[in-house]
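Note sheet for the following structure.
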Amino acid sequence: QSALTQPASVSGSPGQSITISCTGTSSDVGGYDFVSWYQQHPGKAPKLLIYEVTNRPSGVSNRFSGSKSGNTASLTISGLQGEDEADYYCFSYRTSATLLFGGGTKLTV
Amino acid sequence: EVQLVESGGGLVQRGGSLRLSCAASGFNFRIYSMQWVRQAPGKGLEWVAYMTSDERTIYHADSVKGRFTISRDNAKNLVFLQMNSLRAEDSAMYYCARSVQFGLDVWGPGTTVTVSS
């Protein structure tokens, strides 16, 4: 099961906006709206940021937003803060009873 | 407080078995699907297994199919991961997570599995 494709790293300055892409196929990202995004700080469990492509759980900052176009989903973080420095993962349902993560993106602020 | 706590990890020899448990509290466990996710040291997240609340739908990753089995006990608010024929590449932190429309909204702190060769 090949992972979804994410950039290995992205960087930005405080206050800027960045976007992390997650590219799959029509069998996963492009075929279903079951795409979610997670933030993971070192030594911690992941935290849900976005579910069903665009929905934000209560308690998650509105600086985080999700979208999808074709086979690529995206996570945008606006107004970058130092605490946003972490690893980010996308996750999607795939046809044939499979779920899969992206390879992860390290964000440097 | 909504909480998941994993247990059962440890050191095991190659070819051996372990049974991980995940205790849920603070929410109506029996109506939620549950998943297991793992992370090898220094690596990314890897999905392992999924089970619906009624146990009628079960998925396992190809990398563990035939060796690992997810199960649950709704009366005791527990979800399990039976791991057999363990390999060195199964060494990882194992997380259980609550699943809502395949999104993982609550995570446990994880339990570490180390397979020695």
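The values are calculated or read from the model by the stated rules, or taken from the named source; none is laboratory data. Since the model is a prediction, treat every value here as computed from it, not as a measurement. Ideal geometry is used to build each Cβ from the backbone, glycine not excepted, and the neighbour counts take in all protein chains shown. Please note that ligands, DNA and RNA were not included when accessible areas were found on the heavy atoms of the full protein model with its side chains. Shrake-Rupley method; radii C 1.70, N 1.55, O 1.52, S 1.80 Å.
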Hey, B:Val37 part of a strand (DSSP E or B), modelled with pLDDT of 95 or more, open to solvent by 30 Å² or more (accessible area, probe 1.4 Å) and under 30 Å from A:Ser58 (Cα atoms) or not: no
Pick from segment B:100-117, criterion among the small types (Gly, Ala, Ser) and out of contact with any Asp or Glu (no Cβ under 8 Å at 6 or more places or on another chain), ranking: modelled with the lowest pLDDT: B:Ser117
Failed item, numbered, when B:Gly15 is tested on (1) touching a Leu at 6+ places or on another chain (Cβ under 8 Å); (2) outside any loop (DSSP other than H, G, I, E, B); (3) among the small types (Gly, Ala, Ser): (2)
Segment B:76-93, subset touching a residue at least 60 places away in the same chain (Cβ under 8 Å) and farther than 15 Å from B:Ser7 by Cβ, residue most open to solvent (accessible area, probe 1.4 Å): B:Arg87
Any hit, segment A:79-91, residues being within 15 Å of B:Ser99 (Cβ to Cβ), assigned to a strand (DSSP E or B), in contact (Cβ under 8 Å) with a residue 24 or more places away in the chain and at the interface with chain B (Cβ under 9 Å from one of its Cβ atoms): yes
Some residue of segment B:51-64 being under 26 Å from A:Ala86 (Cβ atoms) and within 11 Å of chain A (Cβ to nearest Cβ): yes
Residues (outside any strand (DSSP E or B) and free of Cβ contacts under 8 Å to residues at least 40 places away in the same chain) located in segment B:65-75: B:Lys65, B:Gly66, B:Arg67, B:Ala75
Residues satisfying the stated conditions in segment A:1-56, i.e. open to solvent by 60 Å² or more (accessible area, probe 1.4 Å), hydroxyl-bearing (Ser, Thr, Tyr), under 15 Å from A:Phe101 (Cα atoms) and in a strand (DSSP E or B): A:Thr5, A:Tyr51
